[in-house]
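The values are calculated or read from the model by the stated rules, or taken from the named source; none is laboratory data. Everything numeric here is computed off the predicted structure, so don't read it as measured data. Heads up, the Cβs are rebuilt from the backbone with ideal geometry, glycines too, and the neighbour counts pull from every protein chain shown.
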Amino acid sequence: MNTTSFLSHLHRELDTFRDCLDGDLSARVEHCGDWTLRDLAEHLGGENLWVATAVTEGHGDFIPPAAPRERGALVRWFDETSRTLLKALDTDPSVPAWTFHPPHTVGFWQRRRCLETLVHRWDAEHALGTPGPLDAGLAGDGVAEVFDTIAPRQVVRGRARPPKYALRLQAVDTGASWTYGPGTPVATLSARAEELLLLLWGRLPADGEAFVWDGDRQAGQRILEGPLTA
């Protein structure tokens, strides 16, 4: 997916998330600890500012301010963080930037923020009882990112061990597939790209009806336990 597509998706996902802020801000976000929707908005908006600073100032030390408590002020604050982020990312993806994992370019953040916002938009809608679909192509990019960026970072940070064998994921709607780990896959897990992404980020259980296993399921599930994501 190219820069234009990532930025277009990011803009749309930010707008959709913002629309959720018209709902119950005290709603619990099931997969984010004890966070409410308001907490999630503060997290996403704060990270918008953090990433914009990483791009424009070249460091990851920025500490975002607390978000306003009142709904109207919170929405205005979130909109401003979104504009700040989109402005910072609207440039050549090869431009150098501070990142927490290679490549150290703006392109890293164009992809990362788009995919982060995609999952948190789902979180927000899920908290309100109205989870919408994820773009299949973008969800596939998200699966790829887990295996090429997020899971390796977990290993580097000592949070997980490298897998001893491989697991293959197959997206039944797009035909794309991904393999994580060395050697021939011991198992294949098939579902739609959206469901695979939500599984990897802990939003869906691997034993859910959406997933079809082939091969050594127990070994495959041990790989998924990684932990692959934060």
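The table that follows gives values for the structure above.
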{"item": "Segment 2-22, subset over 18 Å from L134 (Cα atoms) and touching a helix residue (DSSP H, G or I) at 6+ places or on another chain (Cβ under 7 Å), residue modelled with the highest pLDDT", "result": "L21"}
{"item": "Among (1) in contact with a helix residue (DSSP H, G or I) (Cβ under 8 Å, 6 or more places away or on another chain); (2) in a loop (DSSP other than H, G, I, E, B); (3) closer than 30 Å to R38 by Cα; (4) not charged (D, E, K, R), the one test that G129 misses", "result": "(1)"}
{"item": "Tally, over segment 177-230, of residues that are surrounded by fewer than 18 Cβ atoms within 10 Å (Cβ to Cβ), small (G, A, S) and within 18 Å of R153 (Cα to Cα)", "result": "2"}
{"item": "Identity of the residue in segment 140-176, buried (at least 19 other Cβ atoms within 10 Å of the Cβ) and among the small types (G, A, S), that ends up nearest to the chain's Cα centre (by Cα)", "result": "G142"}
{"item": "Residue in segment 125-139 that is surrounded by 18 or more Cβ atoms within 10 Å (Cβ to Cβ), touching a residue at least 40 places away in the same chain (Cβ under 8 Å), in contact with a strand residue (DSSP E or B) (Cβ under 7 Å, 6 or more places away or on another chain) and assigned by TED's automatic domain parsing to the domain that holds H9 present", "result": "yes"}
{"item": "Single residue of A97, A127, A67, A73 found to be modelled with pLDDT of 95 or more and either hydroxyl-bearing (S, T, Y) or within 14 Å of E47 (Cβ to Cβ) (or both)", "result": "A67"}
{"item": "Tally, over segment 18-41, of residues that are surrounded by fewer than 17 Cβ atoms within 10 Å (Cβ to Cβ) and either hydroxyl-bearing (S, T, Y) or outside any loop (DSSP other than H, G, I, E, B) (or both)", "result": "4"}
{"item": "In segment 178-230, residue farthest from the chain's Cα centre (by Cα) [restricted to those that are within 19 Å of G140 (Cβ to Cβ) and of a type in the set (D, E, K, R)]", "result": "R192"}
{"item": "Meets criteria (more than 30 Å from P93 (Cβ to Cβ), surrounded by fewer than 16 Cβ atoms within 10 Å (Cβ to Cβ), touching a residue at least 24 places away in the same chain (Cβ under 8 Å) and not assigned by TED's automatic domain parsing to the domain that holds P205) for A66", "result": "yes"}
{"item": "Residues satisfying the stated conditions in segment 41-61, i.e. touching a Gly at 6+ places or on another chain (Cβ under 9 Å) and free of Cβ contacts under 8 Å to residues at least 40 places away in the same chain", "result": "W50, T53"}
